[in-house]
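For reference, the structure is listed below as structure tokens.
Nothing in this text is a laboratory measurement; each read-out follows from the coordinates by a stated rule. Just so you know, these numbers come straight off a predicted model, no measurement behind them. Reconstructed Cβ throughout: ideal geometry from the backbone, glycine too, with neighbour counts over all protein chains shown.
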Ligand SMILES: Cc1cc2nc3c(=O)[nH]c(=O)nc-3n(C[C@H](O)[C@H](O)[C@H](O)COP(=O)(O)OP(=O)(O)OC[C@H]3O[C@@H](n4cnc5c(N)ncnc54)[C@H](O)[C@@H]3O)c2cc1C
């Protein structure tokens, strides 16, 4: 279902559902993913990883591995050049080159179990594995900290000894707290004092993984002339270029990253783990191409989980149902190195409401677990869980209608976010009204079978979305086909959603555009596919390039028609002037006398994007004897701005919801006392399967984004945020208990309800 | 992964000879759904993998008046798709059709499930409540072991050097017999049992009293547990909530679970009690036809 607010609706291409250009290759298995890459003379790399969560490396003996037949190179951190603490952007993560270099291969200490300690390259995969197993590492095992309380305790073992924490502007050495920051406005004390009810709660969350099906991989050639060629599944080839070059100390332009298809990323494939290792192995192996592929255990143990942590949340309201003030401490696990999503969480946490006063304090805390990475709306799901749980409790305590209360306090155009940003036109109120009027909200829960109980939850959330740099080239062919190069890795059908925007301008079918994603030498800079930016920003580049193409064609046509280009109109794919007219695709074959091929290119850099809001309703059933939860009905309402390709926009929403439900119900890093992740396989890391999910219904609201010609807002991230609280409030409805710790797995429900 | 030889014998004798030669550096390969995973994870290092799927006796299912016999290498789908098995031994189907998904079931053998000796194995408790016997061939000849005595610890069995599981057989159930298995998992499929319970029982001709019962528990001890006291408690009792609750409580007592990533001690005990009650009721339903 799609509801539109004051948007143009008479599009020819935008808003339709053409088949994606890459679809056939993907369903037939022809598409080349990173793991499929093979090149002549390929050799294999392998790594050894730390068995300890926290240890000092006393010595590494690589002699037995080096002596093995078929081994070309052995690598330790000593082979990496010394780099400074330069920070570069990588989508929704900031990469500190020095620390990330230590993260992908440990220097003097290992910070988490699975931390890479050394690597080898050998003639084949088995030889590489066997050689790696012959590397002897002597460790001095150190006490480990696996949660924020332990990490912040006095006399806690210090994980990164060189770290100087920034605690509200003060330099603090000898700490696991990398950063404490605060956003504050209004008079908090006075506002709380005016409240009729103040509720304060503490929430705990575990780390969770993005769970992309394709493991990380990289194939790299470091040739004799110093040119480096990379194939690696990634959300952003230019990010791989910058991070790889930065960590191995070469200029970015010596590194060429080829685009390969990607089997899921969800934010976790913006950071680089393998390419710099493969590059150095290649150089040490005489320029042979080296390939590295992780297994699932390594993906879990050493790549991008989303942070767990603690959230303290205090909210006040008046008897009349107005919010007064909110105060929160967001204490996030960054993992083995600084840099969690707490900054983004701080932007999102209070963004659904219009507060007279608020204070947000963020903590970025190191723990002996893998360095966290971006995961779909990084930080917002955790924040939404906490604030929406407290709002739900307030509504029940005060007898407020859960939607009306949110409408009465909703953020809208002009409202300031907790960190000061003022909203342009946003669609939260429209989402809430659509939820209120939905069939789902107005249908009774229905009776549960014997021994089971049902509940319904509702929650909202916000994600700011991203803008940033994107490039698109268009090349008109004689037969009217338009070749398109664009720089965005295609994770969710963006080839087609970008092509559709050019097609709309040109007045031709999306199928007549043939999109390609070239290597980094062959397209202008384009940021990572992340921050829900791609259909918005790269789409804007395509839109702009298409207009440039039309302008150029007008000039050419002016020549043919012996008129001025300013007198030529262009609409619905047809040029006309003084009673003459010609379709763009017909004109394409007549351009030779006018100066030959017509191409255009556009690079854009929108500094902001249109924010996304969502309101979700969840019905579920709990087996009271076993604690098992089954979601039975789910409706996701979301402001999508403009659904360029409604089916794919809906697919993004449904996918996000499923991941959010998994986060609420079963997903967690189960950490044992020695700091190891016990459930490091898909069998025991319990993501939902298709059999666990009902149909996820969507209601797409189109409140056009004023920053985009078609009103496009990013859609891919915000849907993962509301499910955490919507699900947990529904479990509350079914069991009568409140849950402050995720996941609300069956054992927790039994613990809460036993004795009833 | 360490390189190994792949051997595909066509007789039990050949297989036993290879296994005997290599000792614990060789392993039989049924569906490989445990063996390949463990080999790749370097749980062990093998010199030889002995594929048993070319040995006819290990690949046949026979259903007749003496009962059911299942070759050790028969994949799960051939068991649960066999209409005679489905009609006479639905509890065996309960176990085999939840092991993994379709892909796993088309390779994984019930014999592999038993020899892998996981406390959580879904196929083993159904065999135990059917009083199944494991038929073993070895260098010293053949022997039989009751399935409840087959596993001796996690990944440990009674099999000695050179021994091979040939088949599992169980008697034809008497009249008024019913059996059922279920497990608890937080998801609906593709998960490892947090706790599992199989129940078989025989009712008297009136269908109102228990004559005998066997109850077996998965995932709540180092090996699948035959909860003898719980089963025996039903013998001679009337079919009512009270006797069922009493047996379920005894099953709970028989469980000796640990707390791990899949569940806690308390949760598992509670699950055993709940599932035992549910499976007794389901077995009664089946017994009454
Ligand atoms: C994705 C996935 C999901 C799974 N889900 C479940 C599940 O839900 N429930 C469950 O119980 N299990 C599950 N398993 C585990 C596994 O599939 C089962 O245990 C299966 O029954 C093993 O049978 P197999 O034929 O594949 O055994 P194999 O892997 O071939 O063998 C298992 C072990 O038994 C030994 N062996 C095999 N045959 C003989 C023989 N004739 N004599 C002596 N030793 C022998 C092997 O050497 C090996 O040690 C799952 C596995 C995977 C990969």
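A few points about this structure:
- The relative contact order of chain B, computed from alpha carbon pairs under 8 Å that lie at least 6 residues apart in sequence, is 16 percent.
- Hydrodynamic radius (Kirkwood) for the range A:407-477, which is based on Cα pairs only, to one decimal in Å: 16.7 Å
- Here, P(r) means the percent of Cα pairs in each 5 Å bin from 0 to the largest distance; for chain B it is 1, 6, 13, 17, 18, 16, 13, 8, 5, 2, 1, 0, 0.
- Kirkwood Rh, angstrom, the range B:177-287 [1 / mean 1/r, Cα pairs]: 13.7 Å
- Percent breakdown of C-alpha pair distances by 10 Å bin, ordered from the shortest bin, for the range B:56-170: 15, 52, 29, 4
- Using C-alpha pairs under 8 Å with a sequence gap of at least 6, the mean separation divided by the residue count of the range A:167-309 gives a relative contact order of 31 percent.
- Descending semi-axes in whole angstrom, ellipsoid equivalent of the range A:354-446, from the Cα gyration tensor: 28, 19, 15
- In nm, spacing of pseudo-spin labels at residue A:253 and residue A:516 (7 Å Cα→C-beta vector): 2.2 nm
- Relative contact order for chain A: 16 percent, from Cα pairs under 8 Å spaced at least 6 residues apart, divided by residue count.
- Every Cα-Cα pair in the range A:60-181 was counted, and those over 23 Å apart are 46% of them.
- The mean number of partner chain beta-carbon atoms within 10 angstrom of a residue's beta-carbon across peptide A:628-640 is 1.
- FRET efficiency, 1/(1 + (r/R0)^6) with R0 25 Å, evaluated for residue A:88 and residue A:58 via beta carbons: 0.20
- Computed Kirkwood radius, in angstrom, where 1/r is averaged over Cα pairs of the range B:86-131: 10.8 Å
- Projected onto planes of every orientation and averaged, the convex hull of the alpha-carbon atoms in the range B:5-51 covers 3.0 nm².
- For the range A:168-265: rounded, prolate or oblate by the Cα gyration tensor [a/c cutoff 1.5]: prolate
- Cα gyration tensor, the range B:126-187 - rounded (a/c under 1.5), prolate or oblate: oblate
- Other protein chain Cβ atoms within 10 Å, averaged over every residue that makes up B:183-194: 6
- Per residue Cα convex hull volume in Å³ - calculated over the range A:210-340: 151 Å³
- Cα-based radius of gyration for the range A:516-669, normalised by 2.2 N^0.38 Å, reads 1.63.
- Solution diffusion estimate, µm²/s, Stokes-Einstein, the range A:267-354, Kirkwood Rh from C-alpha pairs, 37 °C, viscosity 0.692 mPa s: 193 µm²/s
- Measure of compaction for the range A:1-94 (Cα Rg per 2.2 N^0.38 Å): 2.03
- Additional length obtainable on full extension of the chain from residue B:256 to residue B:61, 0.36 nm per residue less Cα span: 66.8 nm
- With kT/(6 pi eta Rh) evaluated at 37 °C and eta = 0.692 mPa s, and Rh the Kirkwood radius from Cα pairs, the range A:439-589 diffuses with a coefficient of 181 µm²/s according to Stokes-Einstein.
- Using just its DSSP H runs of length 4 or more, each adding -39500 (n - 2.57), chain A gives a mean residue ellipticity at 222 nm of -7500 deg cm²/dmol after division by all residues.
- With respect to chain B, whose longest principal axis is taken over its alpha-carbon atoms, helix B:241-254 is tilted by about 40°.
- Helix B:265-287 vs. chain B, principal-axis angle (Cα, 0 to 90°, nearest 10): 80 degrees
- Length gained when the stretch residue A:689-residue A:312 is fully extended (0.36 nm per residue, less Cα-Cα span): 132.5 nm
- Each of the peptides A:641-650, A:511-520 was scored by the mean count of other Cβ atoms within 10 Å over its residues; in descending order, highest first, they stand as A:641-650, A:511-520.
- Per the Cα gyration tensor, chain A maps to an equivalent ellipsoid with semi-axes of 41, 38, 22 Å, ordered largest to smallest.
- The rule of thumb for compact globular proteins, 2.2 N^0.38 Å, goes into the C-alpha radius of gyration of the range A:402-444 1.36 times.
- Cα-based helix-to-principal-axis angle, B:12-22 vs chain B, degrees rounded to 10: 70 degrees
- Ranked by the mean number of other Cβ atoms within 10 Å of their residues, highest first, the peptides A:558-569, A:657-668, A:393-404, A:278-289 fall in the order A:657-668, A:278-289, A:393-404, A:558-569.
- Pair residue A:673, residue B:86: separation of 7 Å Cα→Cβ label points (nm): 5.0 nm
- Estimated distance in nm for a label pair at residue B:208 and residue B:21, the labels positioned 7 Å out from Cα along Cα-to-Cβ: 6.6 nm
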